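All remarks here apply to the structure that follows.
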Amino acid sequence: MRDPVGRAVSPGVANVMARLLIAIAAVALAYHQSLGALFSDWRYQTPLSELALVPPLAAGLLVLASLRHRHVGKIRLGRVDFAVAGTLLALVLLLAVLAPVVYTNYVWPMRLDLLTLPLAASATCVLLFGTRSLLAFAFPLGFLFLAWPLPHSILVEHLTTGFTSWTAGAVTAVVNVVPLAEAIPASGNSRFAVTHEGNEFVLSVGSACSGVNSLIGFLIVGTACLYLIRGKLGRRLLWLASGLALVWLFNVLRILAIFAVGRLFGEGAAIDVIHPVAGLIALNAAFLILLLLVRRYGLVFRGLADRANSGTPLSDPAPVSERPTNRLILSRLAVLVPAALVLALANSQLALSANTFDNAGLPKLQRFAAHPVVGSHWRVQRTRELPWARVHFGDDATWVRYRINARREPSKRFTAWADSIVTPDLGALHAFPTRDCY
């Protein structure tokens with residue numbers, strides 16, 4: 001048997017890589033509902049969809065941390081590990097049980113389940129590697145906090161408007177010089193008229209085009225890359241900040257490229273061909289340039305075999321006779337597996353909140369289209385079905401508009417319009433809130 005760096009070990013000593021795989025599998029089982037919802041939003045072009053990158057990147061960083069801190073597989077396991085892991089698991093389970101009771105249907109928007117994800121992962125590492133391993137695994141475990149959507153939602157809410165204005169302003173400044181499109185002043189320079197062979201069509205620079213999506217995606221990947229780069233902290237943060245600026249610049253170039261394709265080849269080529277892939281190409285191109293510029297910032301990439309410089313007693317390996325054995329790890333699995341199953345059961349209860357059901361399992365909302373009731377003094381009339389619902393909410397989605405006015409003296413009453421959106425995909429409704437669709 002060999003350890004992750006290829007050195008022979010005693011057959012009785014527990015393998016580090018096997019323990020890592022067990023830890024990752026246990027956390028994935030315990031948070032299957034939370035992680036499934038996180039990954040299901042990946043196909044939507046929203047800032048929070050990039051959070052799906054956090055768990056797999058954290059798993060990769062955990063493996064790299066075990067290679068960099070090779071003593072983690074040789075740490076003595078003791079009774080204090082049960083006290084630390086038990087405290088962390090008790091806190092996670094307490095939040096999993098009490099949060100739905102205290103916050104009811106608001107528990108899902110707050111996503112406290114993902115806030116406790118690093119705590120559960122830390123408890124798993126303590127059981128399988130010992131309490132001292134938390135120092136070696138601090139970066140991967142801390143990185144998991146980036147999966148909590150609530151801070152990102154608050155940040156995006158405050159930044160989207162500003163970034164949209166900056167992006168639209170930069171695009172307007174370019175098209176005023178290069179005739180790729182013409183800004184429509186009445187729209188606040190957020191809509192642009194593109195002309196192809198005498199036919200004019202309008203493209204809009206909305207919140208989805210502001211670059212916030214790409215910035216959050218790069219921030220997640222760039223933060224993970226900081227673990228792979230060696231150099232002064234200030235230089236690494238400067239590299240990360242420069243990356244954010246470059247990603248935003250490439251997003252502006254992406255919009256201009258769509259305008260150019262629309263002007264040369266028409267609306268179909270711009271929207272159906274270039275638009276779906278332009279963002280991915282721009283982000284990858286910016287990230288590749290940043291990787292090539294690492295040395296310009298006085299930084300170097302760490303090798304996989306580079307060891308961390310730690311000469312403290314906490315990093316000293318235990319004697320061979322006291323290192324964890326397969327039998328000892330199996331005995332700890334007797335605690336870890338039931339704990340993971342209990343957390344998985346508690347996590348599965350979030351499916352009710354995720355599917356917009358209340359705590360009693362009853363639907364919170366009733367389809368207006370199925371039963372359009374507005375009261376005895378009002379009249380409701382279906383006017384038309386809006387075709388763009390399928391673009392945002394899926395092929396089976398419908399968007400129907402109704403007109404509501406008073407049955408008596410309609411001239412003295414106002415007229416209201418009600419839109420009924422029906423979609424089988426809750427993630428699509430979260431990704432494209434109706435306010436943003438307007």
| field | Carbon/sulfur fraction of accessible area - the stretch 18-153, other protein chains in place, 1.4 Å, % | value | 75 percent
| request: Give the Debye-formula value of log10 I(q)/I(0) at each listed q (0.15, 0.17 Å⁻¹), with one equal scatterer per alpha carbon of the stretch 46-134, two decimals each. | output: -0.71, -0.84
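If N is the number of residues in the stretch 190-307, what value comes out of its Cα radius of gyration divided by 2.2 N^0.38 Å? Could the numbers behind the result be given before it?
Working: Rg = 17.9 Å, N = 118, 2.2 N^0.38 = 13.5 Å.
Ratio of Rg to 2.2 N^0.38 Å for the stretch 190-307: 1.32.
Let's see if you can work this out: charge +1 on each Lys and Arg Cβ, -1 on each Asp and Glu Cβ, no other charges. What is the dipole magnitude of the stretch 25-92 about its Cα centre, in debye to the nearest 20? Spell out each step's value before the answer.
On the way: 6 positive and 3 negative charges, 91 e Å.
About 440 debye.
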| request: Kindly report the accessible area of the stretch 103-213 per residue (heavy atoms of protein chains, probe 1.4 Å, no ligands, DNA or RNA), in Å². | output: 44 Å²
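Multiplying the sequence separation of residue 202 and residue 184 by 0.36 nm and subtracting their Cα-Cα distance, what value in nm do you get?
Working: separation 18, 0.36 × 18 = 6.48 nm, distance 0.91 nm.
Full-extension gain reported as 5.6 nm.
Run the numbers for residue 405 and residue 388: contour at 0.36 nm per residue of separation, minus the present Cα-Cα distance, in nm.
Values: separation 17, 0.36 × 17 = 6.12 nm, distance 2.56 nm.
Here the segment from residue 405 to residue 388 would lengthen by 3.6 nm.
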| If each Cα of the stretch 211-256 is one equal point scatterer, what is log10 of I(q)/I(0) from the Debye formula at q = 0.26 Å⁻¹? | -0.89
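Can you give me the % of accessible surface on the stretch 200-265 that is carbon or sulfur? Probe 1.4 Å, all protein chains present, nothing else counted.
Values: 1920 of 2720 Å².
Ligands and nucleic acids excluded, carbon and sulfur give 71 percent.
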| note | Protection proxy (average C-beta count within 10 Å per residue), highest first, orders 118-128, 238-248 as 118-128, 238-248
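The values are calculated or read from the model by the stated rules, or taken from the named source; none is laboratory data. What you see is a predicted model, and the numbers here were worked out from it, not measured in a lab. All Cβ positions, glycine included, derive from the backbone under ideal geometry; neighbour counts span all protein chains shown. Ligands, DNA and RNA are excluded from the accessible area calculation, which covers all protein heavy atoms including side chains. Shrake-Rupley method; radii C 1.70, N 1.55, O 1.52, S 1.80 Å.
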